[in-house]
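The values are calculated or read from the model by the stated rules, or taken from the named source; none is laboratory data. Please read these numbers as outputs of a predicted model, since none were measured by experiment. Here the Cβ is made from the backbone with ideal geometry for all residues, glycine too, and neighbour counts use every protein chain on show.
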Amino acid sequence: MIRINENFNKLKASYLFSDIANRVSEYIIKYPDKEIIKLGIGDVTRALPPACTKAFHSAVDEMSFDKSFRGYGPEQGYEFLRDKISEKDFQSRGINISPKEIFVSDGAKCDTGNIQEIFSGDIKIAIPDPVYPVYVDTNVMAGRTGKNQDGRYEGLIYLESTEQNGYVPDLPSESVDLIYLCFPNNPTGSTATKAQLLKWVGYARDHKALILFDAAYESFIRDDSLPRSIFEIEGADEVAIEFRSFSKSAGFTGTRCAFTVVPEKCRAFDSRGDVSYLHPLWLRRQSTKFNAVSYPVQRAAEAVYSDEGQKQVRELTDYYLKNASLIIEKMTGLGYSCTGGKDSPYIWIKGDRDSWKFFDLLLEKAGVVCTPGAGFGKCGENHIRISAFNSYENVQKALERIEKALQ
Ligand code: MLT
């Protein structure tokens, strides 16, 4: 008898963003003439940087001749891309990450979801609340939790991010083995200072734990004092894995390219307590289950690191940050307290009502889609997240409509 993985029954029926998409589709069926402005899921709206499309086109041309055609690529990604990432994102900033430590992939969502496969089933996991749901759901699927009780899974340690701690969670009071962190944060848009990351790295070293650091939004950091990588912290290369993405920085949400950094020194332990390095495990996992990102996409990603690519990516992220400033200005003016939006494309707004009710109100009365905070965890209740990914004109229009709806 074929049986299902019953851990899936512990999950909510659908993924947060599918849930929202369904509600929006129902709304569109009900009001076909109403124009909707989407500031919900963090999906970019502007075209790929011209440097990327140029490289993309010419790589597609290479694929149309036998002599320059390429079949399967290296599972870890082509060297031309890993060399550039290592040089421009790390070495040039004084961080010693080599091309060998970089694994090119089709998305930080997949990598942050898949990485848990290389850890034991009975580890203790600390998860921020609110949190990007992928970290939680993938561990639920893998059977590392009990049931969901009042919005929280038994067996997980929740690290509360609240107004009181500036949406940067404190260290857990008990010993944990695996810690998920994301800065600039999704969903709150908060950022962590070097001093704060130093504490986490110290904790991981003291407790023989590991940090999974999601830095998918680092390209939005404008405050030079903020760390862009956990590897700016001394000793982090032994206790952290970092996830990066071209999705939000260079508009690759539909094109798909990202990378994960697993330093060669990064360690975990076996059941005897002996050190076991994670780099060969992740390489083994990826080479078994993943066949690399397509050649033209990797060439397009490489172009991000050209001089013109760097300029264009900066313009692109500046554009969304300008939207973010407008959202903060308007929502603050309306009396709401806002976090994020300065070094992040997300604005976390403390509402005055249940977050799904707030979502429904904005959809029904303003035709604006946001993300209800409760979808990210218990501490997200009474909050909504507004994303800055849309045109400036649409953001302006959405804010005018929100103002009217809230009067
Ligand atoms: C979000 O809206 O939280 C992100 O777009 C999700 C993602 O990148 O998968």
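Taking Glu154 as the residue in question, decide whether it is more than 27 Å from Gly341 (Cα to Cα) and either modelled with pLDDT of 95 or more or more than 15 Å from the ligand (Cβ to nearest atom) (or both). Answer is yes for this residue. Within region 103-114, being among the hydrophobic types (A, V, I, L, M, F, W, C), within 15 Å of the ligand (Cβ to nearest atom) and buried (at least 19 other Cβ atoms within 10 Å of the Cβ) holds for one residue alone: Ala108. Do we have Ser86 as surrounded by fewer than 15 Cβ atoms within 10 Å (Cβ to Cβ) and in a helix (DSSP H, G or I) here? Criteria not met by Ser86. Can you work out which of the residues in region 356-374 that are surrounded by fewer than 24 Cβ atoms within 10 Å (Cβ to Cβ) and small (Gly, Ala, Ser) is nearest to Asn22 (Cα to Cα)? So, considering only residues that are surrounded by fewer than 24 Cβ atoms within 10 Å (Cβ to Cβ) and small (Gly, Ala, Ser), the one nearest to Asn22 (Cα to Cα) is Gly367.
Taken together, the residues in region 156-166 that are surrounded by 20 or more Cβ atoms within 10 Å (Cβ to Cβ) and more than 14 Å from Glu381 (Cβ to Cβ) amount to 2. Residues in region 373-407 that are under 30 Å from Leu11 (Cα atoms) and of a type in the set (Lys, Arg): Lys378, Arg385. Of all residues in region 339-355, those being away from the ligand (no atom under 16 Å from the Cβ) and either surrounded by fewer than 20 Cβ atoms within 10 Å (Cβ to Cβ) or closer than 13 Å to Ala388 by Cα (or both) number 6. On the basis of being of a type outside the set (Lys, Arg), within 16 Å of the ligand (Cβ to nearest atom), under 23 Å from the mean Cα position of the chain (by Cα) and in a loop (DSSP other than H, G, I, E, B), does Ser18 make the cut? It is false that Ser18 is of a type outside the set (Lys, Arg), within 16 Å of the ligand (Cβ to nearest atom), under 23 Å from the mean Cα position of the chain (by Cα) and in a loop (DSSP other than H, G, I, E, B). Might you let me know whether region 245-262 holds any residue that is modelled with pLDDT of 95 or more, surrounded by fewer than 21 Cβ atoms within 10 Å (Cβ to Cβ), among the basic types (Lys, Arg) and away from the ligand (no atom under 16 Å from the Cβ)? No: zero hits. When Ile29, Ile37, Ile95 are checked against the criterion of being surrounded by 15 or more Cβ atoms within 10 Å (Cβ to Cβ), of a type outside the set (D, E, K, R) and away from the ligand (no atom under 16 Å from the Cβ), Ile95 stands alone in meeting it. Would you check if there is a residue in region 41-58 being more than 27 Å from Val368 (Cα to Cα), within 16 Å of the ligand (Cβ to nearest atom) and assigned to a loop (DSSP other than H, G, I, E, B)? Scanning region 41-58, I find no residue that is more than 27 Å from Val368 (Cα to Cα), within 16 Å of the ligand (Cβ to nearest atom) and assigned to a loop (DSSP other than H, G, I, E, B), so the answer is no. Only a single criterion out of (1) assigned to a helix (DSSP H, G or I); (2) under 30 Å from Asp33 (Cβ atoms) is not satisfied by Glu329, namely (2).
Within region 125-136, does at least one residue satisfy the condition of being assigned to a loop (DSSP other than H, G, I, E, B) and more than 23 Å from Thr371 (Cβ to Cβ)?
No, region 125-136 contains no residue that is assigned to a loop (DSSP other than H, G, I, E, B) and more than 23 Å from Thr371 (Cβ to Cβ).
Of the listed requirements (1) farther than 20 Å from Leu226 by Cβ; (2) modelled with pLDDT of 95 or more; (3) away from the ligand (no atom under 16 Å from the Cβ), Phe359 misses just one: (3). You will find that of Phe119, Phe90, the residue that is over 28 Å from Gly254 (Cβ atoms) and modelled with pLDDT of 95 or more is Phe119 and no other. Could you say whether any residue in region 191-203 is within 24 Å of Asn114 (Cβ to Cβ), more than 16 Å from the ligand (Cβ to nearest atom) and in contact (Cβ under 8 Å) with a residue 40 or more places away in the chain? Scanning region 191-203, I find no residue that is within 24 Å of Asn114 (Cβ to Cβ), more than 16 Å from the ligand (Cβ to nearest atom) and in contact (Cβ under 8 Å) with a residue 40 or more places away in the chain, so the answer is no.
Number of residues in region 348-386 that are within 26 Å of Glu26 (Cα to Cα) and not in a helix (DSSP H, G or I): the value is 19. Of the residues screened, Glu302 is not one that is out of contact with any Gly (no Cβ under 7 Å at 6 or more places or on another chain), acidic (Asp, Glu), over 30 Å from Ser58 (Cβ atoms) and in a helix (DSSP H, G or I).
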